[in-house]
Amino acid sequence: MDKIVCTCGHVNPVGTELCESCGRPLNQETKDKKLVDMRYEGSARRSQTYNKTIIDKIWNFFSSVKVGMWIIVAILIAAAIGTILPQVFYVPAVNEEEIAAYYERIYGTFGTIYYELGLSDLYSSWWFQGLVGMLGISLVIASLDRVIPLYKSLKKQKTKRHISFLTRQRVYGTGEVDSPIKSIEQAEEKLKKMRYKVKRDGNAILAEKGRFSRWGPYVNHLGLILFLFGVMLRALPGFYVDETMWLREGETLYIPKTDGYFLESKEFIYETYTKEESEEVYGAALDRVGSIAKNYQSDVALYKGPEDAVAGQPEDLAFVKEESIQVNKPLKFDHFSVFQMDFRLDELKSMTFQLQDKATADSFGEFTIDLANPQTEYKLQNGYKVEILDYYADFTGFEEGVPQSKSPIPNNPAFLVKMYSPEYPKGETSFVMIKETLEPLGENKHKIAFQSVETRDVSGLTIRKDLTLPILALGGLIFMIGVAQGSYWNHRRIWIQLLENGQVVVAAHTNKNWLSVKKDLDEVSKVSNLPQYEDQQDIDSQEEKEEGV
């Protein structure tokens, strides 16, 4: 595209509204305005100039403030939808089938649709991350589209400006004064004392103060971009981990998402306040709750497996350290922290049964079922054996004749078993529950008799790793610096020029807080003989009111 040549001879980029050198209006629309728009100094913005290639169209799309706002609205709506039902992280299930079944069982058809649409894992979904990425792109392009031309304009601004530029400033005044040269010199000295950066070109002065505040919004954008970058990094493996694990006493388990680390629970300790301590600290609250926890902790041992270790197979483990995990006192290793978040007391560990004759109660052997890992077959004496056909850890009843289990936690174990004996080599089928036994295929001669139970405590642990925190903190800090930069300071400029006809012109502009620049002009006028200025916007407002009357 052709450049725009101003009357003063300066060559301006296409799209420039005010000459970069003298400030003359370069198009009719700007000439028709009584006050010029100084937001971007009348500079040429790429989004307002080029719109031919696909790159231009993409740039123009993302540079639009409206597009950025709509992206933010879309993110807010999506985030709100993600709070309707619990996210996958809070679902008591360990695989896809169990998760899908949970949503269907608890929330019905709506839960199934919610899960199938991917809303149950919304914040990690590709499309939500895509929206966050689009917002980041919008911030980058919108910032570059504005900050680069603004920087160039402010850097190139001349001390002398054409009268058409000065008369279109909101604060403007002109008139003849005694000893104009002396007045300009006195004004220059006073402005320097007021910490203005003053440039002089002949009989023209440009005094500037607080230019750095103009970059406040773009510093905000930089902080937000860094923050969004940190949020998106959480979707990449290795940067962010937030997992849970239930560790039973005496059990050694692989710590999820770690590089071969295993954790063994030595002991779980649960302490409550004594009656005297509770009454002193909590008073009447003790009567309502019965007992109040004083401390609960997991005494654990940390092990490191070989590089080719398989999760769930604790072999050839190297001891790392022992530690007690308490609330707000996590176990830390290799950028990971393991927090004590929950516990379950007296969870069923194993159940011991006898195979008996129903009529005589004679025993044919005893067997113990490990509820965390039940065997499929238990051989007893004299050719008797018991086969576990199916195991329902948290039995909730029957639906259309099919046994149901709410969770893999052994809260209410039930077993579908077959009992083999010399008299019944094909076996007898029985459904064994804690307080009841069903015989679905007819009356049996033998039965499974409950003998004893063993319990253990379980620690609910949360595994956290967040390498994005420094980036998020830096983004937040930069954002707050931008907020302060743009909120508590303002960019003030004062032009004072002696025209060829002997008149002195005063003009001023600020990006906000017009009272401040007027106050500064008043201070300068006290020591120098400057013409009276007017706020042309206030004059326009008054004229509109009078016309309305």
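The values are calculated or read from the model by the stated rules, or taken from the named source; none is laboratory data. Keep in mind the model is a prediction, meaning the values are calculated, not measured. Cβ sites come from the backbone with ideal geometry, for glycine too, and all protein chains shown count toward neighbours. Ligands, DNA and RNA are excluded from the accessible area calculation, which covers all protein heavy atoms including side chains. Shrake-Rupley method; radii C 1.70, N 1.55, O 1.52, S 1.80 Å.
Decide, for the chain, between rounded, prolate and oblate: order the square roots of the alpha carbon gyration tensor eigenvalues as a ≥ b ≥ c, take rounded if a/c falls under 1.5, and otherwise choose prolate if a/b is larger than b/c, else oblate.
prolate
Just the accessible area per residue of the chain, please: how many Å² with a 1.4 Å probe?
Value returned for the chain: 55 Å² of accessible area per residue.
Ignoring any ligand, DNA or RNA, what whole percent of the accessible area of the range 434-549 comes from carbon and sulfur when the probe is 1.4 angstrom?
Solvent-exposed carbon and sulfur of the range 434-549 make up 52 percent of the total.
Run lengths n ≥ 4 of DSSP H only: what is the helix-derived mean residue ellipticity at 222 nm for the chain, with -39500 (n - 2.57) per run over all residues, to the nearest 500?
-10500 deg cm²/dmol
Could you pull the accessible area for TYR296 with a 1.4 Å probe, rounded to 10 Å²?
Per-residue accessible area (TYR296): approximately 50 Å².
Counting pairs of alpha carbon atoms under 8 Å apart in space and at least six apart in sequence, what relative contact order in percent does the chain give?
Value for the chain: 18 percent.
Would you work out what percent of the accessible area of the range 105-168, with all protein chains in place, is carbon or sulfur (probe 1.4 Å)?
Whole-percent figure for carbon plus sulfur exposure: 69.
For the range 384-452, what does the relative contact order come out to in percent, with C-alpha contacts under 8 Å and a separation of six or more?
26 percent.
For the range 1-95, give the percent of accessible area contributed by carbon and sulfur heavy atoms, probe 1.4 Å, rounded to a whole number.
61
Based on the alpha-carbon gyration tensor of the range 355-440 and its eigenvalue square roots a ≥ b ≥ c, which shape applies: rounded if a/c is under 1.5, prolate if not and a/b is larger than b/c, or oblate?
prolate
Please report the accessible area of ILE58 (heavy atoms, 1.4 Å probe, ligands and nucleic acids excluded) in Å², nearest 10.
80
Which FRET efficiency value, to the nearest 0.05, do you get for LYS257 and VAL65 by plugging their Cβ-Cβ distance into 1/(1 + (r/R0)^6) with R0 = 41 Å?
0.55
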